[in-house]
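Worksheet for the structure shown next.
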Amino acid sequence: MIRKLIFGVLFICSILQLHGQKKVVSIKFPQGKIDFNLNTGTYDLIFKNGFSMQNLYSEVKLDKYGELTSKEFKRHSIHKDNYSDKHGPAQQITFEHENQNGLILRNRFIYYKDKPYLLFQLEVLTKDNDELASNYLSPLSSSLSSQSNVQFNTDYPKLVDFPFDNDNWLELLALPWPNKTEKQIEGVSHEIFMLYDNLTFKGAVFGSLEHDFWKTGFQYKTDESNGKLGEFIVYSGAARSDNPDLPGNFGGLDGTHDVIPHGKMKSKVLKSALMFVDGSDDFRQSANLFAKVQADYSGMLKWDYPTPVYWNSFPVEGVLGHERVMMPKDVYKIVDKLSELDNLEKVGQTYLSIDSYDQNIYSTEVLKEIGDYARSKGQELGFYITPFSLWTWSSQIETARLLGTEVPLREVILRDNQNQPIPFKKGDWGAFPLDPTHPATKESMISQIMKAKAIGAKLIKVDFVTAGSLESREWYNTNVRSGMQAYDYGMKLFNQLVDSIMGKDVFLTLAISPMFPNQNAHARFVSTDVHSHLRNSQPGFTHYGSTASSMITASHMGWVQGVLWPYTNMDAIVMRKFQKNPDLSESEIKARLISLISLGSILGDGTDLRDSLSHERTKKYLNNERLMSLFKKPKAFIPIKLSAGLSMDQQLTFYRSDENVLLSAFNFNIQDVFEATFDLKTLGAFGKSLVVKDCFTGLEIAKIKKGDTEFKINIQPGESILLELF
């Protein structure tokens, strides 16, 4: 013990530097260094790639003590210890702050010798071991008023803001820095935040690694100086209401949809979520690294069966299928048409997925008959479940029964601090959130899963689960104290029930859901339902759900595939039209197919195959041997030119290097030609004589010579390409 104390004193003395009257301890980690100021209780985080954060501090909101920052504390100390976990040996730095009341804040930093990233977390406790309560813990805060300086020294900085879930047809925000004459950008990114240079890809990736209690926010505000943030706060406790006065992507609908504050953690040692940060010369690699570290902490639900291919009824039937456009009798024709596509069958296992349906129209018996017929043709049946929400008439909340139970909805619904029911989807016909910890919710889940088993389903689309993450005045399980804790509990329970009732060979794909926790499904929708038209701004089509809109988000999301989930899900394509929308052009169909391939998505289709033109196009595209081979083992492409802003005029490029190099590019601009440029060294194709072929036709379109350094191709307005280099 004495040796340890002596070593600690020698360590502090050896690295203590005097900067005027300031006492600063500098500690290096693989990608940079941290300077700890023992006078002010602040620290600097400086990366080698030009990203620096100075005068950072911790901030807490405690029931007993109010709002406090580490700068207000009088005693600051630092300790360095050997640390080891399943990820290997590491160093742990503890920056401790203590005040006169015996309250202690501890900034923990962990770095591994052979890993570039840094982990950090805030702990709060007292010398007397008192119980504390808080719903706001920030291990990293900065503001201009505190003379903080968060600066990314680069010419073309861009920030990336992630919405909490994939609902409401919102896009991820990838925004260049505004100039001095433009309005500054402010907002909150959820669970992840990125900064990068648009030309060099240098950047930084922040992310939360724990999702069993906290919702994590990255609050930011740009400054007039290029690459500077006037405010940047990483905090646990991000519960944000939708503000109808703001645009959807800027506070209107991109938050957590909560109506009350985040639940409070109560403990003798409060802990923020464990945070990840990596500043590197390629933010795309940092994003991949974050996904791998996240999977190390939380796991991934593996899929050891053939790759799924699914046909989904929603693009034909619409919500509930009450118009009987096709079901139930004509769905047999879909089974027959699908069975004619030999190359589709080679991809993996085909599923006939019946989406949301009216229980009074499509009974268990009707669906079992459909399933039996599908199985006779080598296909499996898919089913639809909403474990944490119930759709009903708002006027019937007091009398409605929870699906599959005799329990009144009023006993299970989540409520606000005035004990009023919380609506998840407002309207006369609305969705209401269920308490994931309530026995009746479990009973309802069992009822739905038992129906899935009774009809022989082997795929489940799990929808509207964000409802289970909403904050509530209370939960049935009194040990649960936050919406995310309840959601984590409910998702684990749902998985256990599916495994025990149906078996592990059931493919689970999440629709409307938070990104994390990720380990409870085999795939997740990248965005909300995609209707397959080219742009949101197209006359005659819906102003949402376009391919361009989905790719605004997807271009920054390829890192999740194969790590957080075995697959992504870019939703079902259609070969002619989505529900009652106008007809699509073939270039729109190609764009959708290329978007699925570029993101490593499973193949989903929702075409009305009774229609002759739709059937012909299906044979042309979904029976294309080369295209279908790319769906057998999906793999996300690496982005080269990514989305910027929310304009529909996006121009994007991607590549994938395997045995042969694959290239994809999208020109969603319908006015201008896009010259897509690919650096051959980046592709691993420099110094080779290669032939460029169109993946749709197999035709040669260009040659690459040994001395060429890049490959360029003009893409016409509104067109997309998928090429292979041989």
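Quick check on the stretch 369-378. Is at least one of its residues outside any helix (DSSP H, G or I) and either outside the structural domain of Met502 (by TED's automatic domain parsing) or more than 30 Å from Leu195 (Cβ to Cβ) (or both)?
yes
Scan the stretch 692-706 residue by residue and report those that are more than 20 Å from Ile594 (Cα to Cα) and either loosely packed, with under 11 Cβ neighbours inside 10 Å or in contact (Cβ under 8 Å) with a residue 24 or more places away in the chain (or both).
Ile704, Lys705, Lys706
Could you tell me whether the stretch 307-323 includes any residue that is under 22 Å from His556 (Cα atoms) and out of contact with any helix residue (DSSP H, G or I) (no Cβ under 8 Å at 6 or more places or on another chain)?
No.
Report, by residue number, each residue of the stretch 416-452 that is part of a helix (DSSP H, G or I) and touching a strand residue (DSSP E or B) at 6+ places or on another chain (Cβ under 9 Å).
Result: Ala440, Thr441, Ser444, Met445, Gln448, Ile449, Lys451, Ala452.
Give the stretch 372-426 a look and list any residue that's of a type in the set (Ser, Thr, Tyr) and within 25 Å of Ile460 (Cα to Cα), or say none.
Passing the criteria: Tyr373, Ser376, Tyr384, Thr386, Ser389, Thr392, Thr405.
Which count do you get for residues in the stretch 318-345 that are under 22 Å from Ser532 (Cβ atoms) and modelled with pLDDT under 90?
Number of matching residues: 8.
Here are some residues: Leu352, Leu338, Leu301. Which one is out of contact with any His (no Cβ under 8 Å at 6 or more places or on another chain), within 27 Å of Ser629 (Cα to Cα) and outside any helix (DSSP H, G or I)?
One residue alone meets the criteria, Leu352.
How many of the residues in the stretch 267-284 are assigned to a helix (DSSP H, G or I) and touching a Pro at 6+ places or on another chain (Cβ under 9 Å)?
The qualifying residues number 1.
Looking only at the stretch 452-492, which residues are within 14 Å of Asn520 (Cα to Cα) and surrounded by fewer than 18 Cβ atoms within 10 Å (Cβ to Cβ)?
Matches in the stretch 452-492: Lys492 only.
Mind listing whichever residues of the stretch 680-691 are assigned to a strand (DSSP E or B) and either surrounded by 14 or more Cβ atoms within 10 Å (Cβ to Cβ) or under 29 Å from the mean Cα position of the chain (by Cα) (or both)?
Once the filter is applied, which keeps residues that are assigned to a strand (DSSP E or B) and either surrounded by 14 or more Cβ atoms within 10 Å (Cβ to Cβ) or under 29 Å from the mean Cα position of the chain (by Cα) (or both), the stretch 680-691 yields only Leu690.
Scanning the stretch 162-211 for residues that are among the acidic types (Asp, Glu) and closer than 19 Å to Val150 by Cα, which turns out surrounded by the fewest Cβ atoms within 10 Å (Cβ to Cβ)?
Applying the filter and picking the extreme gives Glu186.
Within the stretch 358-387, which residues are among the aromatic types (Phe, Trp, Tyr) and touching a helix residue (DSSP H, G or I) at 6+ places or on another chain (Cβ under 8 Å)?
Answer for the stretch 358-387, where residues must be among the aromatic types (Phe, Trp, Tyr) and touching a helix residue (DSSP H, G or I) at 6+ places or on another chain (Cβ under 8 Å): Tyr373, Phe383.
Taking Asn55 as the residue in question, decide whether it is at pLDDT 95 or above and either assigned to a strand (DSSP E or B) or loosely packed, with under 14 Cβ neighbours inside 10 Å (or both).
Against the criterion (at pLDDT 95 or above and either assigned to a strand (DSSP E or B) or loosely packed, with under 14 Cβ neighbours inside 10 Å (or both)), Asn55 qualifies.
Out of Ala287, Ala291, report the one residue that is buried (at least 20 other Cβ atoms within 10 Å of the Cβ) and in contact with a Leu (Cβ under 9 Å, 6 or more places away or on another chain).
Just a single option satisfies the conditions, and that option is Ala291.
Give me the pairs, please: first residue somewhere in the stretch 512-538 and free of Cβ contacts under 8 Å to residues at least 12 places away in the same chain, second residue anywhere and part of a loop (DSSP other than H, G, I, E, B), beta-carbon distance under 8 Å, and either six or more positions apart or on two chains.
Gln538/Ser546
Which count do you get for residues in the stretch 568-606 that are part of a helix (DSSP H, G or I) and aliphatic (A, V, I, L, M)?
Within the stretch 568-606, residues that are part of a helix (DSSP H, G or I) and aliphatic (A, V, I, L, M) number 6.
Give the stretch 361-409 a look and list any residue that's touching a Gly at 6+ places or on another chain (Cβ under 8 Å) and closer than 24 Å to Pro306 by Cα, or say none.
Correct list: Lys368, Gly371, Asp372, Arg375, Glu380, Leu381.
The values are calculated or read from the model by the stated rules, or taken from the named source; none is laboratory data. Keep in mind that what you see is a predicted model, and the values were worked out from it rather than measured. Glycine gets a Cβ as well: all are built from the backbone with ideal geometry, and neighbour counts include every protein chain shown.
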